[in-house]
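Student: First the structure, which I've put down as structure tokens, then a few questions once you've had a look.
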Amino acid sequence: LCLTRGMLRRVTGATAMNAESSRSHAILTVIVEQKTKRGGDEGGDEKPKADNVERKKAKFNFVDLAGAERQKRTGAKGQRAKEGIDINKGLLVLGNVISALGDTP
């Protein structure tokens, strides 16, 4: 359901290189949690105590970025050209953020 709703909100547009060029970025975050009862099983049906449960949690971020564009190759004009410029600006900023995070000790 979430993926379908997200896909319906994606923005695409035709360029000379791609009939359905992605004009937007998408991020999907999935959180997985595992709870495991510690110690031996007493065989009872009662709920395990909070301090007797081991919890593991993982967070996955799936990112789909609109690709960088060259106006000369895409043949984009007007609104499509403006979108391409904005996509490239966003990718440049994202690259700078990732680079800065990599430089942090």
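The values are calculated or read from the model by the stated rules, or taken from the named source; none is laboratory data. Since the structure is predicted, the reported quantities are computational estimates derived from the model, not experimental observations. Quick reminder, even Gly has a Cβ in these numbers, built from the backbone with ideal geometry, and neighbours come from all protein chains shown. What goes into the accessible areas is simple: the full protein's heavy atoms, side chains included, and nothing from ligands, DNA or RNA. Shrake-Rupley method; radii C 1.70, N 1.55, O 1.52, S 1.80 Å.
Student: With r as the distance between the Cβ atoms of ALA16 and LYS89 and R0 = 22 Å, compute the FRET efficiency 1/(1 + (r/R0)^6) and round to 0.05.
Tutor: Using R0 = 22 Å, I get an efficiency of 0.55.
Student: Taking 0.36 nm per residue of sequence separation and subtracting the Cα-Cα distance, how much length would be gained by fully extending the chain between LYS82 and ALA100, in nm to one decimal?
Tutor: Additional length available on full extension: 3.8 nm.
Student: What FRET efficiency comes out for the pair SER24/GLU54, r = Cβ-Cβ distance, R0 = 35 Å, nearest 0.05?
Tutor: Here the calculated transfer efficiency is 0.30.
Student: Working with all protein chains in place, sort ASP86, ASP103 by solvent-accessible area computed with a 1.4 Å probe, largest first.
Tutor: Heavy-atom accessible area, descending, gives ASP103, ASP86.
Student: Right, next: Within segment 54-85, report the trypsin sites (Lys or Arg not before Pro) that DSSP leaves as loop and that have at most 12 other Cβ atoms within 10 Å.
Tutor: ARG70, LYS77
Student: Among ALA76, ASN96, ALA66, whose Cα sits farthest toward the positive end of the charge dipole of segment 58-105 (+1 at Cβ of Lys/Arg, -1 at Cβ of Asp/Glu, about the Cα centre)?
Tutor: ALA76
Student: Report the accessible area of GLU33, computed with a 1.4 Å probe over the heavy atoms of all protein chains in place, in Å² rounded to the nearest 10.
Tutor: Surface open to solvent at GLU33 totals about 100 Å².
Student: Ordering ARG5, ARG38, ARG10 from largest to smallest accessible area (1.4 angstrom probe), what's the sequence?
Tutor: Descending order: ARG5, ARG38, ARG10.
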